[in-house]
Each structure stands twice: as C-alpha cells, then as structure tokens.
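In what follows, a single structure is set out as structure tokens and then discussed.
The values are calculated or read from the model by the stated rules, or taken from the named source; none is laboratory data. If you're wondering where the values come from, they're calculated on a predicted model, not measured in any experiment. Virtual Cβ from ideal backbone geometry, glycine too; neighbours counted across all protein chains shown.
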Amino acid sequence: MAEFTQNVVVADAQGLHARVAAVVVREANRFDARIRVRLGNREVDGKSILGLLVLGASRGAELTVTGQGVDAPDAVRRIADVLRPAGGRNGDVCASSPRLMAPLGVGAGLYAAR
C-alpha cells in the first residue's frame, strides 16, 4: 500500500479550530486513502473532526499528515493546502477563506473576525 507523508505548519490565527477541522474532514473524505494527522506524540484519524480538535494545534504548530492508499499523495497534498497559507492579508488566509467555507454554508462574518 502506497504511503505519502507531508509536514505542514498550521497557518490560521486561531489554530486548528472547528471551522478549519471541518474543511480538513470534508476534503479528506473525498479520498479513499486512510489519513492520519500527528502532532508530537498524538496521532488521530484525519477524517474525524473530534480527533483533529483533540490535537489542540495552535498557529505555528507543525503537523505531520500521512496518507495510505492509491490516492494518498493527492489526499495529503489537499489537506496540506487547507492548513497552510493561501495568500491574502497578512499571508495567513487558509481554511477560513470564502472559497473553502462557502460549501459548508458559513458566511463571511464568521471567518473575517480576528
């Protein structure tokens, strides 16, 4: 079984909070790969919102995302894209961006606040 691993630094100012975790889970579930996310000695299922929240990853935390399966490279890269900056104000717009939040039905006021 193919395995792919990538380290990514959490970019969101509030860390890996519920909105970001929801996007990670949504994106992870688009793939067949088994996804694991590790912070330090804690490792959780990347398709579990509760597991991701339990990590308590703050901004700047380095996560290790590992995927196993045929589509693991694509899955891991997509999750890393959600967690890292995508540009914008202060260079820290990531999973809270309108493009990623709109399918979840979350409005602008929820991600614009700092």
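Checking Glu43 against (1) out of contact with any Ser or Thr (no Cβ under 9 Å at 6 or more places or on another chain); (2) among the charged types (D, E, K, R); (3) at pLDDT 95 or above, which test does it fail?
Result: Glu43 fails condition (1) only.
Please identify the pairs in which a residue from segment 6-22 that is more than 15 Å from Val44 (Cα to Cα) and free of Cβ contacts under 8 Å to residues at least 12 places away in the same chain has its Cβ atom under 6 Å from the Cβ atom of a residue that is of a type outside the set (A, V, I, L, M, F, W, C) and part of a strand (DSSP E or B), counting only partners at least 6 apart or on another chain.
none
Checking the condition under 12 Å from Leu83 (Cα atoms), assigned to a helix (DSSP H, G or I) and either more than 13 Å from the chain's Cα centre (by Cα) or not basic (Lys, Arg) (or both), which residue from Val25, Val65 passes?
Sole residue among the options that is under 12 Å from Leu83 (Cα atoms), assigned to a helix (DSSP H, G or I) and either more than 13 Å from the chain's Cα centre (by Cα) or not basic (Lys, Arg) (or both): Val25.
For Arg34, state whether it is over 20 Å from Ala13 (Cα atoms) and buried (at least 17 other Cβ atoms within 10 Å of the Cβ). Reasoning before the result, please.
Details: over 20 Å from Ala13 (Cα atoms): yes; buried (at least 17 other Cβ atoms within 10 Å of the Cβ): yes.
Yes: the conditions hold for Arg34.
Specify the residue that is surrounded by the most Cβ atoms within 10 Å (Cβ to Cβ); the eligible residues are those in segment 37-55 that are in a loop (DSSP other than H, G, I, E, B) and in contact with a strand residue (DSSP E or B) (Cβ under 8 Å, 6 or more places away or on another chain).
Applying the filter and picking the extreme gives Gly46.
Quick check on Arg99: is it surrounded by 15 or more Cβ atoms within 10 Å (Cβ to Cβ), farther than 22 Å from Ala2 by Cβ, of a type in the set (Lys, Arg) and at pLDDT 50 or above?
No: the conditions fail for Arg99.
May I ask you to list the residues in segment 37-69 that are over 19 Å from Gln14 (Cα atoms), touching a Gly at 6+ places or on another chain (Cβ under 6 Å) and not hydrophobic (A, V, I, L, M, F, W, C)?
Answer for segment 37-69, where residues must be over 19 Å from Gln14 (Cα atoms), touching a Gly at 6+ places or on another chain (Cβ under 6 Å) and not hydrophobic (A, V, I, L, M, F, W, C): just Asp45.
Filter segment 63-74 down to residues that are over 12 Å from Ala2 (Cα atoms) and either surrounded by 22 or more Cβ atoms within 10 Å (Cβ to Cβ) or of a type in the set (A, V, I, L, M, F, W, C) (or both), then give me how many there are.
Looking only at that region, the number is 2.
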